[in-house]
Each structure stands twice: as structure tokens, then as C-alpha cells.
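The structure under discussion appears below in the form of C-alpha cells.
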Amino acid sequence: MNPKQADKLMTFVIYLMSSVIIVILMALLIYILVAGLPYVNWHFLTSAAKSFQSGGGIGAQLFNSLYLLVLSMLVSIPLSLGIAIYLSEYSQNIRVTTWISSAIEVLSSLPSIVVGLFGFLVFVVQFKLSFSILSGALTLTIFNLPLLVRSMEDALQTVSLSQREAGLALGLSRWETVVHVIIPECLPAIITGIILSAGRVFGEAAALIYTAGQSAPPLDFTNWNVLSLTSPLNPLRPAETLAVHIWKVNSEGLIPDASAVSSGASLVLVVVVLVFNVLARYLGNKLYKHMTGE
Amino acid sequence: MNKLTEKFSTFTRHLDEQEHEIALFTNDLRVRYGTKEALHGVSLQFERYKITALIGASGSGKSTYLRSLNRMNDTIADARVTGQIKYRNVDINSPAVDVYEVRKHIGMVFQRPNPFAKSIRENITFALERRGLHDRQKLAEIVETTLKQASLWDQVKDDLNKSALALSGGQQQRLCIARAIAMQPDILLMDEPASALDPISTANIENTMQELKKHYTIIIVTHSMQQAGRVSDYTAFFHLGQMIEYDETRKIFTRPKIQLTEDYISGHFG
Amino acid sequence: MDPIAKNLKQRSLSAKIETKGRLITQLCTVLIVLLVLAIFGFIATKGLTLFFHDHGSLWSFFSGTTWSPDKVDSHRQPVIGALPMIVGSFTVTLLAVLVATPFAIAAAIFMTEISPQKGNKILQPVIELLVGIPSVVYGFIGLAVIVPFVQKIAGGSGFGILAGALVLFVMILPTITSMTVDALKAVPRYYREASLALGATRWQTIYKVTLRAGAPGIMTAVIFGMSRAFGEALAVQMVIGNAILMPSSLTSPSTTLTSVLTMNMGNTVMGTTSNDALWTLALLLLLMSLVFNIVIKYLAKRGALS
């Protein structure tokens, strides 16, 4: 076979393999859509799950997922911003910086089940928080930190050195320069990073099954007493999330319509992640335009 | 060596007290990056309300020297600056001196225009507000006077809320000048302020400098000898990390005392 | 005394703010470092209890094929043969990566070398979306589609290593592809131009120049995919059958390290040998992710050198 024939053949092979990928991936997306759509309706999204009968909804799970997301973001955003500022602005010793960055990289490569087990050991057992929203949120924070730190560090690095010099030369401290000049300037990138990580957190299950728990006690949305077990806001109640629910109904098989419930829940999960993705892009662009005065 | 520097400083201090003419001087200023010394002991003085130009080839240490004067070299991890920088009888190179206070009195304009990604107004008011000035009327006054001093007012007075990034390069640089003088510094350091600009913007900046020197002592680094000749009252020639010659500008450009200076002026190198 | 001179010698507001700000960021950073150390410390302590307290033998852990930690053998040592899940974990991971890599490379070549326009319009957005799909969704689809499919073509229950590997293949494909695209994009344009100018065909250029120059990056992508596959818990657990047996074939129910942890951690009591043995599995997972990390570091260093 001469080189020209080989070229033609390999081009064909690459086209073929790429098409296979597109077919697989599109089929996957279409399957999620087609399988889930018939089950997703207002009743499904808002009603409580059932343990042994069919016809249960995912209301509590959906709320739990969002509540956990918000709580863990409340902890992880300021924390990772602090770390990113230290690494990008303050740390002057290259060896220390490399060492810390490696530690963060190791953290980001840990399997989420291992992070979940650590959360179980520390928050659930040692701190006696039991299976609760709080244990889950703190574990998700560990899971989320490395990615968030990385994206914030990258965002800070996109602002040129001359902006920092400008602030310092006016007699401002580095901290003031970072907080009032650098961060506003890269806010679009920071927000994009936060929303993308939110999508990841929203779909995480393995880190939660032994921290936030696998049960969703019925919620009374009129009960605002934070200490009551049926109050949605109680951070110490166990809280099965949407992702954990999909796993749970499939691996236990106690409800007859497990496949219907998981189809619907999967679609909801994927749509939420998709919304986060689109939102991240849209908001990022819009904020960027707003800030550069276009 | 020590005795000599002592003598020099008593002499200049004497001068400072007598005629109030020296705004700032350095004594045996050395800058080391890691183990490499980039500036080998420079002693220079700067007269009040005059423009002093620092000239020399790239790598001559002129920018390094300039950045030491407001302690901007502090921000570089492995830079070490030794020697004295005397301002108002205080050695501002001492670690006991508050570096942020120093920079308030010794402002700086950089090579590339670097306005904040904020509105034109905020670029000027931002640092003032951080320092506790919130009187709206006063801030508006400062915006107007500084923009006028930087000869930018007429072009932007109707667009003060527009983003500074929408301005042209020359306008941005003048905004940076306005931003620097809004802090009411004594001394203004300019690091090749026109090198990124076109000839017309350069001429504008040079005219602005002539206005500014009525109120500020200006030290400018420039790679353009023509520019140094046009704008400065005094010129210091730097070569390979040393200050070779310092004199009135017209003397440096007509009758330099040192051969190296003459070679550089006449374009034999650099 | 000159008031300005006096001010110069005092600590300004900025200096105070700076001290505070720096301290805050330092505390955050110390916290995350302590966190990483705590994870290693806690899990290593729990994981080693099996050997130091419960008299488990390291040798039988890595070579034994029977896993019943609540029982003891004739030497009065707990029966902790973890080989079935170790083999299971490695087999699903390697199979998944083996299938995914050629596809990922082909897609990446398509997107960077053959038709960047179509690639950017069709493949890129789909792949980015799939990277974000939660792993339980992959697991559920595996259960609903792949397991019945395997059952149809191979018989048996359909649960097993093949189903697990296929689920992981789809799951890590987007990740490996997008990293490979980055690796190929990083190869300078003029490499290709020089090769094409010498009369080489496009495939020759891709094969001999682009892929070779991008090799360290592609390797990183592959290892990264392996690390994800090895650590994935739920998607695999849902389709592998969860039988702690040495896999006899690709379609017989078996298990992985993560699956055993997921299934049994809730069913054992803290402090018992059965529970300690699970923590040893967690420690093994932790160490493996460390190994993947070190390999990626090494590849990055080599890539930077060449």
C-alpha cells in the first residue's frame, strides 16, 4: 500500500470512528431524554418518594440536592478564593507553592468514594453529626475545593501583572488591590468556574451515601423551625439527594417503578447540569462584556 | 568608602536644609536579583520641580533604579535593595518605613498604560475612596482638576462613566497620569511613559509633563535621547548598572565629560 | 517634625489591612494542606489496623481469593483475600481504557487535524456536555441498556466485567478525548507545515509528527482516564454484579474495590475486623490514586523537557 492509499484509508477510519462516537453519545443523550420525558411532570418533581409502591416523586430529593449545593458552596467559595489568592498573589517561595499545589492535585484525584468515607469517619462518626445535610455539605466541600481553587487561580492569573502594579503604585496594599481590582476584573471567569463546579457537585452521589445518608424523611415545607426533623432547612436531618436516589432505587429494587423513577430523575439531573453549563457560559460572556464596557 | 558616603550625605542634607531644592536623593543604592547584582551603587539627587531624565541602553539598570525609588522592587520575590533613599530626611529604604505611605508620596506611571477595568471616574477616585475620602463634591473636583492637569478633561468630561478600557492608548496613559497625581504625590516616577504610544500622543504627554513640573518633581526613564533632550532639565546616564554621568541636560548633550556618555549620545552604541 | 516624615514611620491603614488579608489567605491554605494530611492520616490509620491489630497477613490480602473477614483461617488469621476485587478493578479499568483510547485519539485527530470546523460545531459541545453528566446516570443507563445487551449476546445475567468496562468506556471517553484534543492543539502549527511541505501525506504527518509530539499529553489523558475509571464507584457497582469471586469470564458477576466499599461499609460495625478490612480497601484506593498522580506528574515533567 502506498502512502496515498494509506492516507485515504486512515482518513476513512478516523471518520468512521468519530461517527461511532457521535452515534454513541447522541444515542445516550436521546435515550436519557426519551426514557425520562414521559415521567417528568409537576407531580413527579414536587411529590414525596414512596418506599414500596409506585408513583413516588422526587420533591424532597430535589430540594435536598439544591440545599446541599448551596450550603457546600457557602463554605467552599470563600475558602477556595482564599487559597487561590494565597497561591496566586502571596506565596513567594516556589518550592512551597509547588508542594501545596501538588497536595491540592492529589486531593482532586482522590476517588469520590474515598472522600465520602473520610467524611463519614470525621463528620459523621468523630464530630457526631450523624448522617446529615451538614456532614454531606462539608464532604462535598472537600470534593469541590481542588477544582474550585484551580479555576479561581487560573482566573486570577488571567489578569495582567500591570494591574497589580497599578494598584500597588497608588499606595494600596496587595490585599486591597486583589479584592478591589483583580477579583472584579476576573469575576466572569470566577463565576463561570463556580457554576461549572456546581454542576459537578449537584450530580455527585458516591461522596454522599455515607455522609448525607440514604433516606429522605418527608418534609413539611410549611415548617420553618430549623431544629425540627421535618423542616426542610434543618441541617442536621439526613438527606438523600437526587443522585443518591437514582442509585438507591436501582440497587435496592424495593419500588416496582424503579426504572421509571430513575429515568425521570436522570433526565432532571442531566437537565440541571446542562442548565448550569449554559448559564456558566452565558453569564460569563455577559459579565465580561459589561465590564469591558462593550 | 563609608566616610565618603557620610560626607556626601551631610553635604546633600545641608543643601536640602539650605535651599529646599533636593526632593530626593539616593546613596550607594544597590539592587540584587538573587545572587546577581543589577545596580552597583548609585548615588544621585533630584531637584524639586525639575524633570530629571534617566537614559541608557536596555539593561543599563535605569528602570531598576527608578522602581527602587518607590520600593516597587519589594514586590519582586528575590530582589534585594540596599543603600539609602532619602526623602524628607527619612531613609525610605529602611524596613521600618511604611511602604504604602512611601508610594502615596512618590507616584508612578508605567511603560504600558494600565488603567483599571473601571470607569474613567473610578480610575481616579478608587484609591482615594479606599483611603477614606467619600465627599462626592470633593471627589468630583479632584477628577476635574487632575484630568485637566493631564490634558484629558476636554476629551472625556462627558463620558466619565465610560469604561477606561474604551480610551485610546494615549488617552489611557494620560488617565494613568491623572490617577497618579490624584493621590497628590510629591514626586512622579515615569517609566518610559511614551514608549508604547504614537508620535502625536507622545508629544501630548511631553507637553503635559511641562505643565506638571510646576507642581511635581518628575523623574523619567526614557530610551529616547530626543525625548530626554526635549523634556528634561537634568540627565543621568546609566551604563551596565552604574550611573556614569549626571549633569544639566544641555551640558550632557553638548559637552559630556565622560567618553562613554559621548559615545552613547552620538549613537556609537545602544 | 515634618508630618509627612512622621507618617512614613508609622504603620499605615494599608499595612494593617495587608497583614490581615495575608493572614486570612494563609489560614485557608493551611486548612487545605491539613485536610489532605488528615485524609491520608485517618485512612492510613484505619486501613493498617487490619494488619497491626487484627493480625491480617499482607500476603494473603494481596494473594488470597476468599474474602470473609469475619472468619479466621487455620493460622487464626482473618480471611482477607482481596485479589478478586483487585483483579476486578484493574480489569474493568484496563478494558475501558483500551477501548476508549483509540476512539478518543481518532476523535481528537478529527477535531484538530481533519475537520476542525465540524469538530468544533458537533463533537466539542457534545463532549463537553458528557463530561458533566453525573456518574449515577451512566450507571443507570448501563443497567437499563448495557446489561440487557450483554445478556442477549453473551447469555448469563449480563452483569459482570464486560458491562462495567462498557459503562466506564462511555464515561471516560469524553474526558480522554477533550484532554487529547488539548494535547494535539498544543503541537505547534509549523511542525505540521514543515512535514507537509516535505511532501508527506496528511496521515504520515499525523502519525509521524503530530501524534509523536503530542504523545506525553496523550499519555497523560489516558492515565487520567484510568484514574477516573479506577476510582469510580457507583456506575460500576450498579452493573458489575457484586459477587466477591475471582472473575471466571468477562460476563460472570464479579466486583471491584469501590463496589465492595459501597455495598458493605453500611453493613459492618465500626471496630470489627470486617469493617477494618474495608478501610484497608479504601487505603489501597487512596494509594492507587497517588500512583496515578505521580505518573501524571512524571509525564508532565518529561513533556516539558522535550
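The values are calculated or read from the model by the stated rules, or taken from the named source; none is laboratory data. In this text the structure is predicted, and so the values were computed from the model without any measurement. No Cβ is skipped: glycine too gets one built from the backbone with ideal geometry, and neighbour counts run over all protein chains shown. Side chains are part of the model used for accessible areas, which takes the heavy atoms of the whole protein and leaves out ligands, DNA and RNA. Shrake-Rupley method; radii C 1.70, N 1.55, O 1.52, S 1.80 Å.
Computed values, structure above
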{"read-out": "Tabulated pairs, region A:169-191, first in contact (Cβ under 8 Å) with a residue 40 or more places away in the chain and of a type in the set (Asp, Glu), second assigned to a helix (DSSP H, G or I) and surrounded by fewer than 21 Cβ atoms within 10 Å (Cβ to Cβ), C-beta under 8 angstrom, 6+ apart or interchain", "value": "A:Glu185/A:Gln163; A:Glu185/A:Met291"}
{"read-out": "Any chance A:Leu145 is surrounded by 24 or more Cβ atoms within 10 Å (Cβ to Cβ) and free of Cβ contacts under 8 Å to residues at least 12 places away in the same chain", "value": "no"}
{"read-out": "Which numbered condition C:Leu278 misses (of (1) open to solvent by 10 Å² or more (accessible area, probe 1.4 Å); (2) more than 8 Å from chain A (Cβ to nearest Cβ); (3) touching a residue at least 12 places away in the same chain (Cβ under 8 Å); (4) within 21 Å of the chain's Cα centre (by Cα))", "value": "(1)"}
{"read-out": "Subset of region C:24-70 (residues that are exposed (fewer than 13 other Cβ atoms within 10 Å of the Cβ) and farther than 18 Å from A:Ser76 by Cα)", "value": "C:Leu37, C:Gly41, C:Phe52, C:His53, C:Leu58, C:Trp59, C:Ser63, C:Asp70"}
{"read-out": "Identity of the residue in region A:11-56, touching a Phe, Trp or Tyr at 6+ places or on another chain (Cβ under 8 Å) and surrounded by 17 or more Cβ atoms within 10 Å (Cβ to Cβ), that ends up nearest to A:Leu269 (Cα to Cα)", "value": "A:Ile21"}
{"read-out": "Flag if C:Ala106 is outside any loop (DSSP other than H, G, I, E, B), more than 9 Å from chain A (Cβ to nearest Cβ), of a type outside the set (Ser, Thr, Tyr) and open to solvent by less than 10 Å² (accessible area, probe 1.4 Å)", "value": "no"}
{"read-out": "Boolean, A:Ser108 is within 27 Å of C:Phe140 (Cα to Cα), crowded, with 21+ Cβ neighbours inside 10 Å and not hydrophobic (A, V, I, L, M, F, W, C)", "value": "no"}
{"read-out": "Listing of helices (runs of 4 or more DSSP H) fully contained in region C:127-219 that carry 1 or more residues being among the charged types (D, E, K, R), touching a residue at least 40 places away in the same chain (Cβ under 8 Å) and open to solvent by 50 Å² or more (accessible area, probe 1.4 Å)", "value": "C:161-185, C:202-205"}
{"read-out": "Positions within region B:79-106 being open to solvent by 20 Å² or more (accessible area, probe 1.4 Å), more than 11 Å from chain C (Cβ to nearest Cβ) and either assigned to a strand (DSSP E or B) or aliphatic (A, V, I, L, M) (or both), in sequence order", "value": "B:Arg80, B:Val81, B:Thr82, B:Gly83, B:Gln84"}
{"read-out": "A:Gly116 vs. criteria within 11 Å of another protein chain (Cβ to nearest Cβ) and surrounded by 23 or more Cβ atoms within 10 Å (Cβ to Cβ)", "value": "yes"}
{"read-out": "Checklist (1) closer than 22 Å to B:Glu129 by Cβ; (2) part of a helix (DSSP H, G or I) applied to C:Phe42, failing item", "value": "(1)"}
{"read-out": "Candidates A:Tyr86, A:Tyr90, filtered to the one that is on the phi < 0 side of the Ramachandran plot, in contact with a Lys or Arg (Cβ under 7 Å, 6 or more places away or on another chain) and within 7 Å of chain C (Cβ to nearest Cβ)", "value": "A:Tyr90"}
{"read-out": "Residue in region B:231-239 that is more than 10 Å from B:Ala53 (Cα to Cα), surrounded by fewer than 16 Cβ atoms within 10 Å (Cβ to Cβ) and not aliphatic (A, V, I, L, M) present", "value": "no"}
{"read-out": "Flag if A:Thr211 is within 13 Å of the chain's Cα centre (by Cα), within 30 Å of A:Asn250 (Cβ to Cβ) and in contact (Cβ under 8 Å) with a residue 24 or more places away in the chain", "value": "no"}
{"read-out": "Which listed residue is under 17 Å from C:Asn275 (Cβ atoms), modelled with pLDDT of 90 or more and in contact with a helix residue (DSSP H, G or I) (Cβ under 9 Å, 6 or more places away or on another chain), from C:Ala38, C:Ala15, C:Ala82", "value": "C:Ala82"}
{"read-out": "Check on B:Gln111, within 13 Å of another protein chain (Cβ to nearest Cβ) and open to solvent by less than 60 Å² (accessible area, probe 1.4 Å)", "value": "no"}
{"read-out": "Residues that are at the interface with another protein chain (Cβ under 9 Å from one of its Cβ atoms) and at pLDDT 95 or above, drawn from region A:123-158", "value": "A:Ile142, A:Leu145, A:Pro146, A:Val149"}
{"read-out": "Some residue of region A:183-195 being open to solvent by 10 Å² or more (accessible area, probe 1.4 Å), over 29 Å from the mean Cα position of the chain (by Cα) and within 13 Å of chain C (Cβ to nearest Cβ)", "value": "no"}
{"read-out": "Filtered residues of region A:218-240 (kept if under 23 Å from the mean Cα position of the chain (by Cα) and either surrounded by fewer than 23 Cβ atoms within 10 Å (Cβ to Cβ) or not aliphatic (A, V, I, L, M) (or both))", "value": "A:Pro232, A:Leu233, A:Asn234, A:Pro235, A:Leu236, A:Arg237, A:Pro238, A:Glu240"}
{"read-out": "Residues being more than 10 Å from chain A (Cβ to nearest Cβ) and open to solvent by 80 Å² or more (accessible area, probe 1.4 Å) - total across region B:146-163", "value": "5"}
{"read-out": "Test: C:Arg76 is of a type in the set (Lys, Arg) and within 14 Å of chain A (Cβ to nearest Cβ)", "value": "no"}
{"read-out": "Contacts under 8 angstrom Cβ, first residue in region C:64-75 being farther than 19 Å from C:Ser259 by Cα, partner hydrophobic (A, V, I, L, M, F, W, C), 6 or more apart", "value": "C:Lys71/C:Val79; C:Val72/C:Val79; C:Asp73/C:Val79"}
{"read-out": "Tabulated pairs, region C:29-40, first at the interface with chain A (Cβ under 7 Å from one of its Cβ atoms), second open to solvent by 40 Å² or more (accessible area, probe 1.4 Å), C-beta under 8 angstrom, 6+ apart or interchain", "value": "none"}
{"read-out": "Among (1) assigned to a helix (DSSP H, G or I); (2) within 11 Å of chain A (Cβ to nearest Cβ) - the single one C:Gln124 does not satisfy", "value": "(2)"}
{"read-out": "Selection within region A:222-253 - in contact (Cβ under 8 Å) with a residue 24 or more places away in the chain, part of a loop (DSSP other than H, G, I, E, B) and of a type outside the set (Gly, Ala, Ser)", "value": "A:Pro232, A:Leu233, A:Asn234, A:Pro235, A:Leu236, A:Arg237, A:Pro238, A:Glu240, A:Thr241"}
{"read-out": "Complete set of residues in region A:197-225 that are of a type outside the set (Gly, Ala, Ser) and within 14 Å of chain C (Cβ to nearest Cβ)", "value": "A:Arg200, A:Val201, A:Phe202, A:Glu204, A:Leu208, A:Ile209, A:Tyr210, A:Thr211, A:Gln214"}
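Residues are listed down the side, and each one gets a yes or a no for (1) more than 21 Å from the chain's Cα centre (by Cα); (2) within 14 Å of chain B (Cβ to nearest Cβ):
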{"residue": "A:Leu242", "(1), (2)": "no, no"}
{"residue": "A:Lys248", "(1), (2)": "no, no"}
{"residue": "A:Glu252", "(1), (2)": "yes, no"}
{"residue": "A:Pro256", "(1), (2)": "yes, no"}
{"residue": "A:Ser266", "(1), (2)": "no, no"}
{"residue": "A:Val272", "(1), (2)": "no, no"}
{"residue": "A:Leu283", "(1), (2)": "no, no"}
{"residue": "A:Lys289", "(1), (2)": "yes, yes"}
